[in-house]
Amino acid sequence: SVTASYSILTQILPKLRESSPGLDVKLRTGDQADGIERVLSGDEDCAIIARPDQLPSKLTFLPLLGTPLRLIGPTTPGAFSDMIEKCVAEKHEPNWSKTPMILAERGLARKRLLKYFSDNDGQPNIYAQVAGHEAVVSMVSLGFGLAVVPESVIQHSPKQETVRVLPWLNELPPFALGLCALQEQLKDPLLQAFWKCSLESYPNQLKPERVT
């Protein structure tokens, strides 16, 4: 995703350029929800993804960092912002069935939010569904509703000054962000070089994980 380019890759690519100056990088940005399928189909050597609850057995996952999911609302003045501010001041959740929510069309954040409501016998009022977390943040910043997005997206969004983190839905499981690749593809020396730089850029993370 665009956020991954701003954050994770800025840690990895300088090391890669230093250690392997003759290696060419082809970067494709898009909805991170497409990453796993593009790796499985052979369209990409690897992808930066949020690890889903289940991964195909052919994949290896290298966790790099974690990021919590946050509920955000607009700071734009208006009746909707006033209603949310009143809920915050009175320390109670809004009426979810009447509060407009912005959801990503696909992906793990959407699944975890809908599962939360299902487990708690709730029904969110889905106002809009858009592609990608960056677009979700933009919709919230314009005052169209609330949304759940990874904290890393907020931190790297050009709209971060026009949204605020709200004190609800903190029970949602955080994201584990990292690289995924086909196990057999890791024999490729080019991908090995990128994998090695990724490990060196995030030395405190867990060991690579092969799903079985």
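Here are some notes:
- Whether a residue is open to solvent by 50 Å² or more (accessible area, probe 1.4 Å), among the hydrophobic types (A, V, I, L, M, F, W, C) and modelled with pLDDT under 95 was assessed, and Leu55 does not pass this test.
- The numbered conditions (1) open to solvent by less than 40 Å² (accessible area, probe 1.4 Å); (2) β-branched (Val, Ile, Thr); (3) touching a helix residue (DSSP H, G or I) at 6+ places or on another chain (Cβ under 6 Å) are all true for Ile8 except (3).
- Test set (1) modelled with pLDDT of 95 or more; (2) out of contact with any helix residue (DSSP H, G or I) (no Cβ under 8 Å at 6 or more places or on another chain) - Pro74 fails condition number: (2)
- Filter result for the condition that a residue is open to solvent by 20 Å² or more (accessible area, probe 1.4 Å) and over 21 Å from the mean Cα position of the chain (by Cα), over Lys115, Lys111, Lys91: Lys91
- Listed by position, the strands (runs of 3 or more DSSP E) enclosed by region 120-172 that each have at least 2 residues that are open to solvent by 40 Å² or more (accessible area, probe 1.4 Å) are 125-130, 163-166.
- Number of positions in region 187-202 that are in a helix (DSSP H, G or I) and within 24 Å of the chain's Cα centre (by Cα): 9
- So Gln160, is it free of Cβ contacts under 8 Å to residues at least 60 places away in the same chain and touching a strand residue (DSSP E or B) at 6+ places or on another chain (Cβ under 9 Å): no
- For region 129-140, the condition of being touching a residue at least 12 places away in the same chain (Cβ under 8 Å) and over 25 Å from Ala4 (Cβ atoms) holds for none of the residues.
- Count of region 1-49 residues, restricted to those that are touching a residue at least 24 places away in the same chain (Cβ under 8 Å), more than 14 Å from the chain's Cα centre (by Cα) and closer than 17 Å to Gly107 by Cβ, is 2.
- Of the residues contained in region 181-201, none is found to be buried (at least 21 other Cβ atoms within 10 Å of the Cβ), of a type in the set (A, V, I, L, M) and farther than 21 Å from Ala4 by Cβ.
The values are calculated or read from the model by the stated rules, or taken from the named source; none is laboratory data. Remember, it's a predicted structure, so these values are computed and weren't measured experimentally. Because the Cβ atoms are built from the backbone with ideal geometry, glycine has one as well, and the counts that use them run over all protein chains shown. Quick note on the areas: whole protein, heavy atoms, side chains included, nothing else; ligands and nucleic acids left out. Shrake-Rupley method; radii C 1.70, N 1.55, O 1.52, S 1.80 Å.
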